[in-house]
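Report on the following structure.
Readers should treat all values here as calculations from the given coordinates under stated rules, not as data from a laboratory. The structure presented is a predicted model; accordingly, all values stated were derived computationally and were not measured.
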Amino acid sequence: MNNAANDALTTVESAGPLRAAQGTIMGAELSYWRDAMRDDLQMPGGLLMGTGHQVEWWHPGIAAKFMWANAVATHAGAATVWLI
């Protein structure tokens, strides 16, 4: 569980932007796969905040999670992506 007392003890550090990652998959640069995925899935460029849920067993918490993710993304200047 997360509470205010634990929040003060939590530190999150970024490993850096994924754009800095280098390497190849099946002979193509990671940047190629990243750009191809964004194009195929029609995802916007820039920061993304992703969330999602399984196809079945819908419940109101799913809507709450999406609203939370959208609020966090908006605050961070990111786009929200919903994955199923």
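For the range 45-51, 3J(HN,Hα) computed residue by residue from phi via the Karplus equation (6.51, -1.76, 1.60; θ = phi - 60°) reads x, x, 5, 10, 10, x, 8 Hz, glycine and proline entered as x.
In plain terms, the chain from TRP57 to THR74 could stretch by 3.4 nm, reckoned as 0.36 nm per residue minus the Cα-Cα distance.
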